[in-house]
Amino acid sequence: MFKKFIHTKKRARIINIEKLSTNLIKIDFKTDKIEFNPGEYVTLYIAKFIPRNYSIYNVSPDKTVFSIIVNTNGEGVGRRTIRQFIVHEQVHYIGPLGDFKFNKKDTSENIWFIATGSGISPFVQMINENKNKYQMKLFFSARNIEEIPNIKIDNIEKFYTLTSQKSGWSGYYGKINNILLTELNKSPDIRKISFYICGNPKMVIDIKNLLVTNNINLKNIYFEKFGF
């Protein structure tokens, strides 16, 4: 007989809401002590009964505050409700949950992170904890400059690309797939790279397929996708 795992709902209080870009906000929640591994997520109960999954962006040193990054664009019930969140509001959640964690036994020399939108959330902590052990690159795609989040990530190579804006932008332009493929073709040994992907489901599937087509072993591809 299989055991049924029941996760207990916990309570948290919103203590801060910060705008990171035109479409992304960071929400900080005060809660009881929370044990967290970078890459895990919480299931937040929107309007008390609607579950939505969000990768954890950060946990405070005393482990009593956790943060998530949320894309507020769109008219889904989750995004509409979150746009109405206010400081001091109480919410319920379960977690941390999930298997999308940084593989600390990874023998690759290079780690590449690929993200769109709020998919950057789990990578910041992964990068900060491991950037001295690996050569790292971050690939991030947005539609325009205003959608690039105000998040500080130092000491790794970053590739930001826009898909809808050319004027006023001196960086990369076009789909993230193209930038990634260009960098892959420059790499002397793709067997020494591991890839972490997080973002909208179509992008995740497209990037995974691109990597497999270019002879990347599936065991070196880690991914998370949320469709909310």
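The values are calculated or read from the model by the stated rules, or taken from the named source; none is laboratory data. Given the structure is predicted, the values throughout are model-derived calculations rather than measurements. Cβ: placed from backbone, ideal geometry, glycine included. Neighbour counts: every protein chain shown. All accessible areas refer to the heavy atoms of the entire protein, side chains included, with ligands and DNA or RNA removed. Shrake-Rupley method; radii C 1.70, N 1.55, O 1.52, S 1.80 Å.
Quick notes
- Of the set (1) under 25 Å from LYS19 (Cα atoms); (2) aliphatic (A, V, I, L, M); (3) part of a strand (DSSP E or B); (4) touching a residue at least 40 places away in the same chain (Cβ under 8 Å), all apply to LEU138 but (4).
- Qualifying position, being closer than 27 Å to LYS104 by Cα, crowded, with 20+ Cβ neighbours inside 10 Å and in contact (Cβ under 8 Å) with a residue 60 or more places away in the chain, among ILE68, ILE34: ILE34
- Residue in the range 198-208 that is among the small types (Gly, Ala, Ser), touching a residue at least 24 places away in the same chain (Cβ under 8 Å) and either touching a Lys or Arg at 6+ places or on another chain (Cβ under 6 Å) or farther than 30 Å from TYR45 by Cα (or both) present: no
- If the condition is being under 17 Å from THR161 (Cβ atoms), modelled with pLDDT of 90 or more, in contact with a strand residue (DSSP E or B) (Cβ under 7 Å, 6 or more places away or on another chain) and of a type outside the set (A, V, I, L, M, F, W, C), then the range 184-228 contributes only GLY199.
- Top-ranked residue in the range 51-62 [being open to solvent by 30 Å² or more (accessible area, probe 1.4 Å) and over 18 Å from PHE102 (Cβ atoms); ranked as farthest from the chain's Cα centre (by Cα)]: ASP62
- Verdict on PHE85 being in contact (Cβ under 8 Å) with a residue 24 or more places away in the chain, under 20 Å from PHE123 (Cβ atoms) and among the aromatic types (Phe, Trp, Tyr): no
- Selected residue [modelled with pLDDT under 95 and within 16 Å of GLU129 (Cβ to Cβ)] from ASN103, ASN71, ASN53: ASN103
- Enumeration of residues in the range 156-201 that are of a type outside the set (Phe, Trp, Tyr) and part of a strand (DSSP E or B): GLU157, LYS158, THR161, LEU162, ILE193, SER194, ILE197, CYS198, GLY199
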